[in-house]
Amino acid sequence: MNSPLLEINSITKSYQIAGQDVVVLKQFSMTVGKGEMVSIMGPSGSGKSTLLFILGLFLSPTAGTYSFDNRDVLQLNRKEQAGFRRNEIGFVLQGADLLENSTVYENVEYPLIYAQSKRSGRQKRIHEVLDQVKLSHRIHHSSNQLSGGERQRVAIARALVNHPSVILADEPTGQLDRENSLQVMNYFRAIAEQTETSLVIVTHDQQVAEFCDQIIIIDRG
Ligand SMILES: Nc1ncnc2c1ncn2[C@@H]1O[C@H](COP(=O)(O)OP(=O)(O)O)[C@@H](O)[C@H]1O
Ligand SMILES: [Mg+2]
């Protein structure tokens, strides 16, 4: 494997539900190399989304360690966590949660504005990432006018735009047909190879999982 980008060890996560501790992840460990594609499979409710939220520092684990580029990221304060998410993480969700009534350009621009990147540099970068997912011809279309596959590609471009070290994707092909799913996976592969971006992809789809370098199965934590 390539040198590791992120490593979690013996992660446990429990939620308080109706006053009771419910353990979702139990002593869960995984390592993701730079430029590696990892798929996470498991039944509904097994903690896959919880795991992605922990990797993205949207949730803290109850116990365990998390090192990212040899940094103990669980020790970061809130402000540092926000910076970490902005600089290192790209998120792709199932429904391609785009800003409606906004153009493809505006959708991809938004994380750049949030990261306070200068207007002059933004335009160039937006064209670059839309080129990578072959959507340059749709740049001024409204997100409402796109097909499901195109929407998902916009979501990928948006996740890529700040040069993240890792993309966390929760069922990115869940609403796509076979052809569009394969296309999305091919873009992911190209991204992993060209920029050494790592990918962690939650999926129910065996073919999508087999496209990855490593398959991790979570079953009741
Ligand atoms: N914020 C929360 N509070 C309480 N329980 C939660 C919360 N989020 C998820 N859970 C519970 O944790 C379990 C795992 O959820 P999740 O990580 O979404 O699983 P998956 O993505 O594999 O379907 C489920 O039983 C779910 O009900
Ligand atoms: Mg889920």
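Quick one: Gln214 ticks every box in (1) within 27 Å of Phe84 (Cβ to Cβ); (2) surrounded by 22 or more Cβ atoms within 10 Å (Cβ to Cβ) except a single one, so which number is it?
Gln214 satisfies every listed condition except (2).
If you go through the stretch 164-186 one residue at a time, do you hit one that is at pLDDT 95 or above and among the β-branched types (Val, Ile, Thr)?
yes
Residue under question is Ala18, and the condition is that it be loosely packed, with under 15 Cβ neighbours inside 10 Å and within 16 Å of ligand 1 (Cβ to nearest atom); does it hold?
Yes; evaluated as a whole, the condition is true for this residue.
Quick check on Val24: is it in contact with a helix residue (DSSP H, G or I) (Cβ under 8 Å, 6 or more places away or on another chain) and near ligand 1 (Cβ under 10 Å from one of its atoms)?
yes
Do the conditions hold for Val38, that is, is it under 23 Å from Asp205 (Cβ atoms) and within 12 Å of ligand 1 (Cβ to nearest atom)?
no
Would you pick out the residues in the stretch 143-181 that are within 16 Å of ligand 1 (Cβ to nearest atom) and not β-branched (Val, Ile, Thr)?
Residues satisfying the conditions are Leu168, Ala169, Asp170, Glu171, Pro172, Gly174, Gln175.
In the stretch 51-87, what count of residues is obtained for those that are under 13 Å from the mean Cα position of the chain (by Cα) and without any contact (Cβ under 8 Å) to a residue 60 or more places away in the chain?
5
Given the criterion surrounded by fewer than 20 Cβ atoms within 10 Å (Cβ to Cβ) and out of contact with any Phe, Trp or Tyr (no Cβ under 8 Å at 6 or more places or on another chain), identify the matching residue among Phe28, Phe58.
After ruling out the rest, the residue left standing is Phe58.
Taking the stretch 152-202 as the search range and keeping residues that are part of a loop (DSSP other than H, G, I, E, B) and small (Gly, Ala, Ser), which one is nearest to ligand 2 (Cβ to nearest atom)?
So the residue we want is Gly174.
To keep it simple, each residue is scored yes or no on (1) within 25 Å of Leu52 (Cβ to Cβ); (2) at pLDDT 90 or above.
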| residue | (1), (2) |
| --- | --- |
| Asn87 | yes, yes |
| Leu93 | yes, no |
| Ala96 | yes, no |
| Leu99 | yes, yes |
| Val108 | yes, yes |
| Ile113 | yes, no |
| Gly121 | no, no |
| Val133 | yes, yes |
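The values are calculated or read from the model by the stated rules, or taken from the named source; none is laboratory data. What you see is a predicted model; the values in this text were computed from it and never measured. Reconstructed Cβ throughout: ideal geometry from the backbone, glycine too, with neighbour counts over all protein chains shown.
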